[in-house]
Amino acid sequence: MCYLCRHKIMGMDDAFIFDSHVSGKHFIGREQDCNSLVNLISAHENVCIYDAPKTGKTSLIRRALTTLVTSGHSVSVPEMDMIGFRRKEEFLSSFVSAILSKTVSSPYEYKSIIAEFLPDSVISFDEQAYENTGEGIVCREGVTDEDIEKVLHFPYILSKSRNTEICFVIDEFQNILELPDAERILHQMETISSSLRSDSRFCYIFCGSGINAMHWIFGYRKFFFRNIVHLPLGTISEQDVIAHIVGGFRPSGKVIEKELIHRPYQIFRGNMWYINMMAFFCGARAIGYINNRIITDAIESVISVNVPRFRRIVDSLTVYQLSFLKAVLRGETRFSTAEVIERYSLNSSANVKRVKDALMKKEILTFSDKDEAQVIDPLFEYWFRRDVLKDNISLEGTQEKF
């Protein structure tokens with residue numbers, strides 16, 4: 001057994017969790033976000049939460065729901081993950097299945113609810129499939145708009161008839177754009193929510209790791225306009241990170257100087273997934289005092305773990321996309337000017353627009369309201385600058401930006 005696996009089994013890394021969502025004392029720096037989400041759920045408001053992968057979205061949602069339960073608030077929380085969804089049939093069957101899994105517990109109840117709320121629809125219950133897999137909801141082919149409306153009405157009617165609060169968490173919601181007639185489905189969801197939400201105890205939490213795709217849905221196209229609250233994730237402060245790391249090492253007798261945490265905090269841009277991974281590697285290497293060399297080696301280990309993914313990202317880029325990314329990291333802002341187009345061989349201003357859209361669709365870059373570019377993944381940016389652009393960045397002493 002390797003040392004890291006043995007270290008983990010022994011429970012010495014309990015303070016630095018990066019392989020699952022965090023809760024309890026491990027949840028740091030977002031209490032205000034949590035309180036806001038608790039209030040929104042209590043008021044049955046629809047909420048959208050989107051940020052880069054591994055930035056703490058699920059941890060925030062679970063923390064808020066736990067807070068509600070411990071305060072005596074009773075709410076049913078169906079969950080659906082839309083990763084890999086490509087067909088309307090699987091969307092509808094999973095939608096109904098998620099809700100019923102938190103509402104009923106026997107084949108008879110499944111059949112009764114479907115007969116009562118979804119009669120003559122494309123949804124049915126397969127008892128044999130339920131016995132074999134625990135998933136008995138099926139959706140037949142040939143879905144119509146009327147079928148979709150029936151399914152989307154279902155949770156509102158169920159919530160009202162059962163006098164039950166339901167908060168439906170849909171993860172990776174941006175994948176709805178992969179479904180045929182995606183905009184029509186979104187419009188149906190919006191229309192039904194607008195007409196029924198005030199008279200029911202049901203709400204959605206739309207969660208997604210595709211920043212640009214989610215912003216396209218809720219920011220650019222404005223689906224659920226005035227019927228949804230965007231809850232952006234707050235930045236976890238450096239002081240909170242310092243307290244978390246120093247306190248996490250204290251029970252094992254290991255010591256780290258607060259000043260040494262500044263550099264990794266900048267490199268990882270406060271991303272707790274990367275920070276916890278780095279702290280774990282530090283703990284695995286250190287006997288007592290954690291010095292700069294140990295931190296440097298730990299950061300390098302985190303980079304090494306992610307290099308295959310970073311290389312796949314770069315390999316997926318066209319010549320123009322790679323040139324545009326280089327221009328962003330060289331500090332260019334006026335991408336459509338003749339000077340920048342010539343310097344980076346971007347061909348034309350029309351091509352610049354196409355390349356920018358492609359990099360946003362790949363969720364590599366995002367742009368602010370002022371059209372300021374940012375690389376979404378902080379460690380990918382650091383690695384790209386250092387290993388692809390060959391900028392003078394070292395783990396021993398980084399440039400001021402980091």
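The values are calculated or read from the model by the stated rules, or taken from the named source; none is laboratory data. Please read all numbers here as calculations on a predicted model, not as lab measurements. Counting neighbours? That spans all protein chains shown, and the Cβs are built from the backbone with ideal geometry, glycine included. We work out accessible area using only protein heavy atoms, side chains counted, and drop any ligands, DNA or RNA first. Shrake-Rupley method; radii C 1.70, N 1.55, O 1.52, S 1.80 Å.
With bins 10 Å wide beginning at 0, the percent of Cα pairs of segment 78-234 falling in each bin runs 10, 41, 37, 11, 1. Here segment 245-292 is treated with +1 on each Lys and Arg Cβ and -1 on each Asp and Glu Cβ, and its dipole about the Cα centre works out to around 40 debye. For segment 145-203, the alpha-carbon coordinates run over 34, 24, 17 Å along the three principal axes, in decreasing order. Length available on full extension from ARG87 to GLU238: 0.36 nm per residue minus the Cα-Cα distance, which gives 50.0 nm. Within the accessible area of segment 274-343, the carbon and sulfur atoms contribute 52%, probe 1.4 Å, all protein chains present.
With R₀ fixed at 22 Å, the C-beta to C-beta distance from ASP369 to THR337 puts the FRET efficiency at about 0.60. Computed from point charges on the beta carbon alone (+1 for Lys and Arg, -1 for Asp and Glu), the dipole magnitude for segment 89-205 about its Cα centre is near 600 Debye. Within the chain, DSSP assigns beta bridges of which about 25% are antiparallel (rounded to the nearest 5). Taking the full set of protein chains and a 1.4 angstrom probe, give the accessible area of VAL229 in square angstrom, rounded to the nearest 10. Solvent-accessible area, nearest 10 Å²: 50 Å².
Average accessible surface for the chain: 48 Å² per residue, computed with a 1.4 Å probe over protein heavy atoms with every protein chain in place. The orientation-averaged shadow of the Cα convex hull for segment 8-157, equal to a quarter of the hull surface, comes to 12.0 nm². Along the axis of the charge dipole computed for segment 200-346 (Cβ charges of +1 for Lys and Arg, -1 for Asp and Glu, origin at the Cα centre), the listed residues LEU322, HIS230, SER252 are led at the positive end by HIS230. Structural size metrics of segment 251-402, computed from C-alpha coordinates, are Rg and Dmax of 17.9, 60 Å. Overall, the ratio between the Cα radius of gyration of the chain and 2.2 N^0.38 Å, rounded to two decimals, is 1.12.
For the chain, the longest principal axis of the Cα atoms and the long axis of helix 238-249 meet at an angle of about 90 degrees. Maximal additional length on extending the ASN292-THR66 stretch stands at 77.6 nm, based on 0.36 nm per residue less the C-alpha distance. Go ahead and collect, in residue order, the members of segment 78-113 whose backbone nitrogen is under 20 Å from a label point 7 Å along the Cα-Cβ direction of ASP199. Backbone N within reach: none found.
With all pairs of separate Cα atoms included, segment 200-294 yields a Kirkwood hydrodynamic radius of 16.2 Å. Assuming a ≥ b ≥ c are the square roots of the Cα gyration tensor eigenvalues, decide whether segment 270-351 counts as rounded (a/c under 1.5), prolate (otherwise, with a/b larger than b/c) or oblate. Taking the square roots of the gyration eigenvalues as a ≥ b ≥ c, segment 270-351 is prolate.
Distance between the 7 Å Cα→Cβ label points at THR144 and LEU177: 3.1 nm.
Let me spell out the model: positive unit charges on the Cβ of Lys and Arg, negative unit charges on the Cβ of Asp and Glu, origin at the Cα centre of the chain. What dipole size does that give, in debye rounded to 20?
1200
Residues of segment 93-121 with an amide N closer than 19 Å to a point placed 7 Å from the Cα of ARG221 along the Cα-to-Cβ direction: 95.
Computed on segment 294-402, with alpha-carbon pairs under 8 angstrom and 6+ residues apart, the relative contact order is 22 percent.
With all protein chains in place and a 1.4 Å probe, the accessible surface of segment 135-210 carries 45 percent carbon and sulfur.
Label-to-label distance for VAL104 and GLN32 is 4.5 nm, based on points extended 7 Å past Cα in the beta-carbon direction.
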